[in-house]
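The values are calculated or read from the model by the stated rules, or taken from the named source; none is laboratory data. Every value quoted in this text rests on a predicted model; they were computed, and no experiment measured them. Here the Cβ positions follow ideal geometry from the backbone for every residue, glycine too, while neighbour counts run over all protein chains shown. Protein only, heavy atoms only, side chains kept; ligands, DNA and RNA dropped before computing areas. Shrake-Rupley method; radii C 1.70, N 1.55, O 1.52, S 1.80 Å.
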Amino acid sequence: MLGRALPWLCMLMCFMKLTWACSCYMPRYQNSFCTSEFAIKANVTSAELYFRDGRSLSSYVKESVIPGRHHRLEYNYSIDVLDVFKTTPAFETAENSYVTSDAFDGSCGIELAVGIEYFMTGYIRNGHMVVSSCFTTAPFSELKAGHLEGIQGLYADNCKCRVNELMLGKWRKKRVCLAEWYSPCEEQEAVCVKQKGGKCVWRHIAEESCLLDEEE
């Protein structure tokens, strides 16, 4: 039975990978925090694979039916929420026992490891928390001085500032803190804060500095 199902299963997986594509760029911690609907610290306790309609992959294979585009294959990660750094009305009413993510990185999905505590930001969809590569998710133990100071309050106090978004043409220069493209250096050691007059600059947090375009 499994041997007969494998070719169909391979075709299904290839079809799904080719159909969906991720279109976001590398998220910045401060930007993700400010645009997300939640920011939490959580421990991942289990992981299960389902389609968005709640059916398992084996049920589709058994019926030899290819799921529709809206029936994405997703991971349901059961979690224990340990701390909440940002909340919204949508988050307050959402299911908080698990988060979901697309099963493919090409569709902005991310893979989480069971037993690891993560810092997670994301959005709420149909009452459920969603994490993706368009928002920041990282092992909590890997957060640096700038990240920790930011999630404890500095990010929330400075959401009128953005990091490295000048190239998108959406923000005036004085409201953007420049960072090297694909370099985590600046935000690991500093937070983008607003000064009097509205200009946003880097406020250094860590004891040892990296190269910053601006400093307060």
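Search the stretch 142-157 for residues being among the aliphatic types (A, V, I, L, M) and farther than 16 Å from Ser209 by Cβ, and hand back the single one that is farthest from the chain's Cα centre (by Cα). Don't jump to the end; show me each part of the working.
Taking the stretch 142-157 as the starting set, the residues that turn out to be among the aliphatic types (A, V, I, L, M) are 143, 145, 148, 151, 154, 156.
Adding the requirement that they be farther than 16 Å from Ser209 by Cβ leaves 143, 148, 151, 154, 156.
Numbers: Leu143: 14, Leu148: 16, Ile151: 14, Leu154: 19, Ala156: 17 Å.
Ranking the qualifying residues of the stretch 142-157, first place goes to Leu154.
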### Message
Anything in the stretch 91-136 that is touching a residue at least 24 places away in the same chain (Cβ under 8 Å), assigned to a strand (DSSP E or B) and small (Gly, Ala, Ser)? List them, or say none.
### Response
Ser101, Gly122
### Message
For the stretch 151-196, give me each residue that is of a type in the set (Val, Ile, Thr), at pLDDT 95 or above and out of contact with any Leu (no Cβ under 7 Å at 6 or more places or on another chain).
### Response
Ile151
### Query
Across the stretch 87-110, what is the total count of residues that are open to solvent by 40 Å² or more (accessible area, probe 1.4 Å), under 23 Å from Gly153 (Cβ atoms) and touching a strand residue (DSSP E or B) at 6+ places or on another chain (Cβ under 8 Å)?
2
### Task
Search the stretch 174-202 for residues that are free of Cβ contacts under 8 Å to residues at least 60 places away in the same chain and within 19 Å of Glu149 (Cα to Cα) and pair each with any residue that is of a type in the set (Ser, Thr, Tyr) and buried (at least 19 other Cβ atoms within 10 Å of the Cβ) when their beta-carbon atoms are under 9 Å apart and the residues are at least 6 apart or on different chains.
Pro184/Tyr29; Gln188/Tyr29
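At pLDDT below 55 and of a type in the set (Ser, Thr, Tyr): which single residue out of Thr45, Thr19 fits that description? Even if it seems obvious, please write down each step before you answer.
Values: Thr45 fails: at pLDDT below 55.
Within the list Thr45, Thr19, the selection yields Thr19.
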#### Entry: The listed residue being charged (D, E, K, R), within 16 Å of Arg125 (Cβ to Cβ) and modelled with pLDDT under 95, out of Glu63, Glu37, Glu74
Glu74
